[in-house]
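Working notes, structure below.
The values are calculated or read from the model by the stated rules, or taken from the named source; none is laboratory data. Here the structure is a predicted model, which means the values were calculated and not measured. Virtual Cβ from ideal backbone geometry, glycine too; neighbours counted across all protein chains shown.
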Amino acid sequence: MNELKDEINELTDKLRQTTNEQKNLEEERDNLSKQLEIANVKLKTESLNLNLLQEQCAELDKEKNIMIIEVEALHTDFNGRLALLDSEINTFRDRYEKCQYDLEQAIKDREAMSNKFKPMLDQMHELERQVTELRKKADDERAKKEAAVKKLQEIVTNPIQNNPFLSRPTGSSRRHDRDRNDRNIARRLEQALEVERTKYKKLQTEKDEELSTLSEDINKLKREYFSTIDLRKIYKLYHVRAVTQGDVLRVDPNMIPKIFQVLYDSEGQTMLNNSTTTMSNSMIHSQEQDRHSGETIEYKGHSFVVVAYRMPTQCETCNRPCYNVFSPPPCLECTRCHVRCHKQHYDDREEFMLPCRVNDKLSVKELLVMCASENEQKQWITKLSKKIPKRGIISQHDHTPSSRTSTTSFRSPNTSISSSASNLFGNNAGQTPKQKSSTLPARAK
């Protein structure tokens, strides 16, 4: 029995130990399962992070490729702009050298003209000095003669009081002698006064003749001097026009009506082909006069480019506004004489513009002149427009190489505006004339 009890106790202890081990194993299993769940959660989180990182890497690779393409495009654009700037620098260097040569020639011409007209100016100054001296002498003689005349008049009015040598007769017996003496004295004074008056009139006539002769000589010299200068200067004028706000952006708008623009030739080269001035309407859009080369439109000697104006600008053909802030209509501007008009006139095949007055735009210079008032500006424009000589059209094969320069650098700040406007309104060719005219603004009433 004791042995059985001992075995039972041993078995009970083993059972208790086994139960404890089972509990420990279950607790360890629970801990391991919890750790496994935590590990699974971490694994899922890390897998999600890995996917996000892979997506970010893919996006970064795409951005890297895009940036590489953009850098290559910018590099190409930079090289193109650098080449364009080099060409413009070379062009400006050539212009600078040409301007230096023109300046030297102008200085030589000025010295030659000064040497030529210096004797005439000296002669004119000498004649003016002589005229001044003669006028002074004439004034002195006139003052002396007037004083003598006044003195004689005083003597005539009261001869006895002013002449101490005349006796004062007394009594009625000498009255007749006194009257006779008075008559004789008055007669002699009148004769002397008449002689002095004749001398004065003769001297005045001679001086007036000399003054008129000298004045004619001076006026003749002035006409010769200034007419030569005017002919030399007016012969260089190409075009005169009133400016708009697009020409002078930084000027007070109230001052714009007082300013006008003058185009003149720095070399004196003009277009004098008057035989082609009058042309029929059928030849307006012929191959010799009208060529569309993508960038420029050649028309009657003009070199038009398509531009879009967002500043106040007026059409010089129909006198209507050709600008709009949001949707400007397509317009044409000559790169030589800077005349502006609606492109609609060209599309309608109208005879809308006179021949261009400018031959070589490299030799053309602009001058902005501000007058004292708006009326004075209009008077100057009218006067200079009448003085500008009429010029014809130069054919395309007569243009010099300098006149065939690229027009891409003309109004470079507005290149994007011009291109966008031309793309925006480029489909107007298929419209009817009624639809085309709708792009023009209404005439101001």
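A quick yes/no check of all residues on (1) outside the structural domain of Lys222 (by TED's automatic domain parsing); (2) within 47 Å of the chain's Cα centre (by Cα); (3) surrounded by 10 or more Cβ atoms within 10 Å (Cβ to Cβ); (4) not in a helix (DSSP H, G or I):
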| residue | (1), (2), (3), (4) |
| --- | --- |
| Asn40 | yes, no, yes, no |
| Ser47 | yes, no, yes, no |
| Ile66 | yes, yes, yes, no |
| Leu84 | yes, yes, yes, no |
| Gln100 | no, yes, yes, no |
| Lys108 | no, yes, yes, no |
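From the list Leu231, Leu203, Leu189, Leu221, the lone residue that is modelled with pLDDT of 80 or more and in a helix (DSSP H, G or I) is Leu203.
So, Glu333, is that one at pLDDT 85 or above, under 25 Å from Lys258 (Cα atoms) and in a strand (DSSP E or B) or not? When the stated conditions are applied, Glu333 passes them. Cβ separations smaller than 6 Å between residues 6+ apart or across chains give the following pairs from region 116-144 residues that are in a helix (DSSP H, G or I) to residues that are among the hydrophobic types (A, V, I, L, M, F, W, C) and modelled with pLDDT under 80: Met120/Leu221; Met124/Leu221. Arg241 passes every criterion in (1) modelled with pLDDT of 80 or more; (2) of a type in the set (Lys, Arg); (3) surrounded by 11 or more Cβ atoms within 10 Å (Cβ to Cβ); (4) in a helix (DSSP H, G or I) apart from (4).
Just to verify a result, which residue in region 319-359, among those that are over 22 Å from the mean Cα position of the chain (by Cα) and hydroxyl-bearing (Ser, Thr, Tyr), is nearest to Thr244 (Cα to Cα)? Filtering region 319-359 for residues that are over 22 Å from the mean Cα position of the chain (by Cα) and hydroxyl-bearing (Ser, Thr, Tyr), the one nearest to Thr244 (Cα to Cα) comes out as Ser327.
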